[in-house]
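The structure that follows is given in the form of structure tokens.
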Amino acid sequence: MAEPVSHPPVPGKLVLVADDEADIAEVIARLLREDGDEVSVAHGGAEALKLLETRAFDLVISDMEMEQVKGPTSSSGWPREGEARARRFSS
């Protein structure tokens, strides 16, 4: 079995973490900040959508089962401007 490849962090990215479970969102945000990223946290889908209207994020990490907005359907409400800049992952 091949050894896992380790890559150094790429600091300075603007990241949005969206999760209605505050503890989970804060752990993810803390780890990203430790790697040098600027992180905004949204504690729900509606809050995430508001933040997405105001900033262009390099990365969005989103819970798939938030109360106000469900994962895959939430992306349909995300702003289209700057879409190519953001890479979207869901957990």
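Please go through region 31-62 and pick out each residue that is in contact with a Lys or Arg (Cβ under 9 Å, 6 or more places away or on another chain) and not in a strand (DSSP E or B).
Correct list: Leu32, Asp35, Gly36, Asp37, Gly45, Ala56, Phe57, Asp58.
Can you confirm whether Glu3 is touching a Pro at 6+ places or on another chain (Cβ under 9 Å), surrounded by fewer than 13 Cβ atoms within 10 Å (Cβ to Cβ) and modelled with pLDDT of 75 or more?
So Glu3 does not fit the description; no.
Do you know which residues across region 38-53 are over 14 Å from Met66 (Cα atoms) and either loosely packed, with under 13 Cβ neighbours inside 10 Å or modelled with pLDDT of 95 or more (or both)?
Hits for region 38-53 are Glu38, Val39, Ser40, Lys50, Glu53.
Yes or no, residue by residue, for (1) in contact with a helix residue (DSSP H, G or I) (Cβ under 6 Å, 6 or more places away or on another chain); (2) polar (S, T, N, Q); (3) modelled with pLDDT under 90:
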site	(1), (2), (3)
Pro11	no, no, yes
Glu21	no, no, no
Asp58	no, no, no
Lys70	no, no, yes
Ser76	no, yes, yes
Pro79	yes, no, yes
Ala86	no, no, yes
Ser90	yes, yes, yes
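Related question: Would you check which residues across region 16-37 are closer than 17 Å to Met66 by Cβ and either touching a residue at least 40 places away in the same chain (Cβ under 8 Å) or among the charged types (D, E, K, R) (or both) and list them?
Within region 16-37, Leu16, Val17, Ala18, Asp19, Asp20, Glu21, Asp23, Glu26 qualify.
The values are calculated or read from the model by the stated rules, or taken from the named source; none is laboratory data. The shown structure was predicted, so the numbers you read here are calculated from the model rather than taken from an experiment. With ideal geometry, Cβ positions are generated from the backbone for all residues, glycine too; neighbour counts draw on all protein chains shown.
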